[in-house]
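In what follows, a structure is listed as C-alpha cells, so that the remarks can point back to it.
The values are calculated or read from the model by the stated rules, or taken from the named source; none is laboratory data. Predicted, not measured: the structure shown is a model, and the values here were computed from it. Counting neighbours? That spans all protein chains shown, and the Cβs are built from the backbone with ideal geometry, glycine included. Only protein heavy atoms, including side chains, enter the accessible area calculation; ligands, DNA and RNA are left aside. Shrake-Rupley method; radii C 1.70, N 1.55, O 1.52, S 1.80 Å.
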Amino acid sequence: MEEVLLARIQFASTTLFHFIFVPLSIGLALIIAIMQTMYVVKKDEMYLKMTKFWSVFFLINFAIGVVTGIIQEFQFGMNWSAYSRFVGDIFGAPLAVEALLAFFLESTFIGIWIFGWNKLPKKLHLACIWLVSIGTIMSAFWILAANSFMQNPTGYVLQNGRAEMNDFIAVLTNEKLWVAFPHTVFGSFATGAFFVVGVSAWYLIKKRKVEFFKKSLAISLVVGMLSGLGIAFSGHSQAQYLMHEQPMKMAAAEGLWEDSGDPAAWTLFAKIDVENRETTGRIDIPYMLSYLTYSEFKGKVQGMNALEQQMIEKHGEGSYIPPVKTTFWSFRIMVVTGGTLLGLAALGLLLMYRKKITESVWFLRLLIAGIFLPFIGNSFGWIMSEMGRQPWVVNGLMKTADGISPNVSAGQILFSLISFSAIYTILGIIMVVLFVKFIQRGPEERPVKDVSATDPFETGGAGHAVK
Amino acid sequence: MPLSDIWFILIAVLFTGFIFLEGFDFGVGMSTKFLARNDLEKRVIINTIGPVWDANEVWLITAGGAMFAAFPHWYATVFSGYYLPFVVLLLAFIIRGVAFEFRGKGDSETWVKTWDWAIFIGSILPPFLFGVFFTSLIQGLPIDADMNMYAGFTDFVNVYTVIGGLAFVVLTYLHGLLFISLKTEGELRSRANAAARKVYALAGSFLILFMVFTYADTNAFADHGAILVPLYSLAIVLYGLLFFFLKKKREGFSFTMTGLVLIIIMASFFIALFPNVMISTIDPAFNMSIADAASGDYSLKIMTIVAFTMVPIVLAYTIWSYYVFRKRLTGDKEHLEY
C-alpha cells in the first residue's frame, strides 16, 4: 500500500507547513490589534508606527497561510476520498461553518483594514483588525472541532455505512475540543508574541530604536507570559483528558509497555526498544505521572500491552500500537519548549520590571533564539497528537489505511507531493528572505504620512505612488 | 422541497458567486499583461481588486466546504477523480495568492516581473480549468458502481471542454476589463473601454460556440431544453445589449451584462446536472443523484440553519466592503498597497 504512505507523507508535510504560518497569524493579529488599540486610546503615534511595522510580517505570513490552507481543505477529497465519504456528514460540517463564519470575516476585514487606513473613522478601522483577530481564532475553533471528531468521535450514529451526525451539540461540546482549543490558541498567541519578543531583542542588542522596541517587547512579553501560563494549564487538562479517552496515545507518549507502578513516575528520558517492547535506561521523576493523570500523587497507569489486548478484543486482530518513539520524543520536545517559553517570559518581565532588560545582552540573545521555540512546540504537538492516533484515522471507527482514494495512483500522489513540496520550499525561502529584509529595514523613520493628502504637483507627490 | 435540493441550489449559488466575483479578479489579473503600459498602471489595475480578491476566493472555499458537508460522495468523487487538474489549479491559486502580497515587497525589477507573471498565470489558468471542469461535468464522466471516477485525458480534454475553458477565459477577461473601466479614471478607463469593445466579438463567438457544442455534445438540451433554450436566448439578448452599453460607455450596465451572462452559464450547468450531481458515461444506472450523494437529514438541517443565519450577515458586510471602496482609483493621489 504505497499510496497510503505517500498520502500520509503528503498530509503530514502540507499540514505541518501550513501550521508554521497559522499560529503566527493568530498571534500577530492579536498583538497588532492590541497595539492599534493602544494607539486609538493613547493617541501616541509610536503605537501607530508599531502597528504598521509589525503588520508587514503579519500580512506576508497571512498570505502564505491562506494559500497553503486551500490545499488542506481539498486534499481530503483528493487523497482520502473513502474517508471523506465515511465522515463527510459530520466532519464536513465544521469545515463548511469555518468558511462561512471565519474565512469570510477574516478575508473581508483584512482587505478593509489594509486599504481602509484613510477611508474609515479610527475606531471603525480598529474594529476591523479585531474582527480579523476574532476570525483567526474562530477558524481554529472550527478546524479543531473537525479534528476532535477524528480523535474522539461524538454526536454520530453509524448507518448507511457512514458516520452520520445525530447531535451537533455533542460535536461542539466534545471534551477533546475544549482541551485542544485553548491549548492550540495559547500556543498560537505565544508564537506571535515570541516573534515580536525576539525581533525586539535583536534591536535592543544593537541599541537601535530603543524606545520603539522596548514598548514592543513589553507588550509581547506580557502576551507571551499569559500565553505560557495558558499553555501549561490547558496542556495539563489535555494530558488528563488523553489518559482516560486516548490512553494508548499517552501510554505511547510515556513509552509505557507494562502497567505502571502506583504511584507512577514520569519518564524524562529513556531508550525505547519497539521490537522487544521494552523501555530501558529511564530517568524518572517520581509521582509525576500519577499527578499528570489524576491530579494527585497516587494511582497507576495502564501500559500499551494491556491496552492493545483490549483493542484486539474490541476491534479484532491487528496491531494497535502507534509509532512509539515518535510519540514519546514529540511529547518531550513539546513539553520542554513550552516550559522554556514560560521561563523566558517570566524572567524577561522580571528584568523589565527591574529596568535591567536593555543591559542583559546574554538574555536578549536567548530571546532571539526563543523565536523558534513555539514553532518547534506547535509542530511536535501536532505530530504527537496525530501520530499517537495511528493506526486510526477516526479513533476506533476507521483505520488510516482504509481512508484513501481507491482511484488515485501512487504516481499521481507522488506528482502532487513533489510539486507541493517544491512550491512550499520556495515559499519558505521567500518568507525568510522577506522577513530578514523587513526586520533589518526597521520601522519607518518619518512619521507615517497621510499620502492621500499629498499634493500631486509637489515634488514627491505624484511620484510617491510609483515605487 | 427536500433539504438536499436546497443544498444543491446553495452550492450552485456559491460556485456562481465565485465565478461572478473572482471572475472579474481573474480578468483584472489578465489585464496586467494585456492592458497596462507601465508599472504605475499595473499597480492601479491590481489595486482595483486589492481589498476584495481574498474574500472573493472564499466563495470557492465555502463551495468546497459545503460540498464536503452536504454531499460527501460528490466531494469525494470530484476531488479524487479530477486529481491532476486540481493539483494544477491549487498551484495556480498558491502563486496567485502570494503574488499580490509579495509583488510590492521586493526591490529588484526581476522580483516584480516574476510576481507579475505569477499573477498572470494564476489568473488565466483557473478560469480555463473551471470551464473544463464544468463542461466535462455535464458531458458525463466514467463513474463506476462504487461512485469512483476513473477518467482518462480525453474525458477532461476534448473539443467541447476546451471551448468551455476558453469561453471562461475570454468572458472573465471581458468582465475584468469592465470592472477596471468602472474603478479607474482617465486614460486607463478609456483604454479598458476600448479593449472591452475589441474583445467583445471574440468573447461572443466563444459564447455561441459553447452553446452550440453544449447542444451537440451533451444531453443538457435533450433533458432540460425547456429551461435551457429560453435561458440561453436570454444570455444572447443580454450579450447583444452589452454592445450598446459598450458603445455608450455605460460601464455599470456593461459590467452587469457580463455578470449576468456568467451567472446564466453557471446556472445552466447545474440545471443540466439536475437531478444528478454527476453523470456516468459507463451506465446511466451509475449516475449519482442528489439524494445518493447527500448527507443525512439531521446534518443538512443544522447546516441549513447555520447558512440561513450567516449568509445574510456575510452578504451585508461584503456589500459594505464594496461601498467603502466605491471611489475610482486615479493612481496619482492615493496610496497603492500592491
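See the values below:
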| quantity | calculated |
| --- | --- |
| Where region A:226-380 is the region considered: accessible area per residue in Å², 1.4 Å probe | 51 Å² |
| Nearest 10 degrees, 0 to 90: helix B:3-34 Cα axis against chain B principal axis | 30 degrees |
| Exercise: per-residue mean of other protein chain Cβ atoms within 10 Å, B:97-103 | 6 |
| Efficiency of FRET from Cβ geometry, A:Lys314 and B:Thr281, R₀ 41 Å, rounded to 0.05 | 0.40 |
| Crossing angle, helix B:39-49 versus chain B [Cα axis fit, 0-90 degrees, rounded to tens] | 40 degrees |
| Residue (of B:Ile236, B:Ile163, B:Ala145) at the positive-pole extreme of region B:86-245, dipole from beta-carbon charges | B:Ile236 |
| Ordering of A:351-363, A:279-291, A:173-185, B:18-30 by packing [mean C-beta count within 10 Å, highest first] | B:18-30, A:173-185, A:279-291, A:351-363 |
| Eligible aspartates and glutamates near B:Lys105 by straight Cα distance, threshold 16 Å, same-chain separation 8 or greater | A:Glu444, B:Asp39, B:Asp116, B:Glu337 |
| q = 0.13, 0.19, 0.21 Å⁻¹: log10 I(q)/I(0) that the Debye formula gives for region A:112-251, counting C-alpha atoms only | -0.78, -1.12, -1.21 |
| Folded to 0 to 90 degrees: helix A:2-42 orientation relative to chain A principal axis, Cα | 40 degrees |
| Cβ-placed point charges (K, R +1; D, E -1), dipole of chain A about Cα centre in debye, nearest 20 | 2240 debye |
| About the Cα centre, charge dipole magnitude for chain B (Lys/Arg +1, Asp/Glu -1 at Cβ), debye | 1560 debye |
| Region A:266-335-region A:1-50 distance, computed between alpha-carbon centres (Å) | 33 Å |
| Enclosed volume per residue, in Å³, of the convex hull spanned by Cα atoms of region A:371-423 | 91 Å³ |
| Percent accessible area from carbon and sulfur atoms, region A:110-234, protein chains only, probe 1.4 Å | 69 percent |
| Ratio of the Cα radius of gyration of region A:38-140 to 2.2 N^0.38 Å, where N counts its residues | 1.36 |
| Cβ-defined net charge surrounding A:Ser148, 15 Å radius [Lys, Arg +1; Asp, Glu -1] | -2 |
| Solvent-accessible area, 1.4 Å probe, carbon plus sulfur percent, for region B:162-321 | 72 percent |
| Area projected by the alpha carbon convex hull of region A:299-398, averaged over all directions, nm² | 9.1 nm² |
| For the pair A and B, total buried accessible area rounded to nearest 100 Å², probe 1.4 Å | 6700 Å² |
| Unit Cα scatterers, Debye sum, region B:201-338: log10 I(q)/I(0) for q = 0.14, 0.18, 0.22 Å⁻¹ | -0.97, -1.13, -1.24 |
| Quotient of Cα Rg and 2.2 N^0.38 Å for region B:128-187, N being how many residues it contains | 1.60 |
| Fraction in percent of alpha-carbon pairs per bin - 5 Å, region B:1-77 | 3, 15, 20, 16, 13, 10, 8, 7, 5, 2, 1 |
| Amide N of region A:128-146 lying under 18 Å from the label point, which is placed 7 angstrom from the Cα of A:Val40 along Cα→Cβ | A:128-137 |
| Radius of gyration and maximum dimension Dmax of region B:3-162, Cα, Å | 17.5, 56 |
| For region B:81-208: Kirkwood Rh in Å [reciprocal of mean 1/r, alpha carbons] | 16.7 Å |
| Averaged over B:81-90, number of beta-carbon atoms from partner chains that fall within 10 Å | 6 |
| Residue-normalised accessible area of region B:1-156, expressed per residue, 1.4 Å probe, Å² | 26 Å² |
| Cα-only Debye scattering, chain B: base-10 log of I(q)/I(0) at q = 0.07 Å⁻¹ | -0.29 |
| Shielding by partners, peptide A:434-444 (average Cβ within 10 angstrom, other chains) | 1 |
| Entries of A:Lys52/A:Lys176; A:Lys271/A:Lys300; A:Lys122/B:Lys327; A:Lys42/B:Lys42; A:Lys52/A:Lys437 with Cα pairs more than 27 Å apart | A:Lys52/A:Lys176; A:Lys42/B:Lys42 |
| Computed Kirkwood radius, in angstrom, where 1/r is averaged over Cα pairs of region B:60-143 | 14.5 Å |
| In range of the label at B:Asn38: residues from region B:174-198 whose backbone nitrogen is under 18 Å from the point 7 Å along Cα→Cβ | B:185-192 |
| Where only alpha carbons of region B:168-222 are counted, the Rg and the Dmax (Å) | 14.7, 49 |
| Quotient of C-alpha Rg and 2.2 N^0.38 Å, computed over region A:188-280 | 1.66 |
| Mean-position separation - Cα centroids, region A:377-408 and region B:1-23, in angstrom | 32 Å |
| Ranked by how many other beta carbons lie within 10 Å on average, peptides B:196-202, A:157-163 from highest | B:196-202, A:157-163 |
| Rh by Kirkwood over Cα pairs, then Stokes-Einstein D for the protein assembly as shown at 1.002 mPa s and 20 °C, µm²/s | 76 µm²/s |
| Relative packing of peptides B:282-289, B:238-245, A:85-92 - highest average C-beta neighbours within 10 Å first | A:85-92, B:238-245, B:282-289 |
| Among B:Lys249, B:Lys301, B:Lys183, residue whose mean-square fluctuation peaks in a GNM of chain B (springs only between Cα atoms under 10 Å) | B:Lys301 |
| Cα Rg over Rh - chain A, Kirkwood | 1.00 |
| Interface residues, region B:107-154 - accessible area loss of 30 Å² or more versus chain alone, probe 1.4 Å | B:Asp107, B:Trp111, B:Asn148, B:Tyr150 |
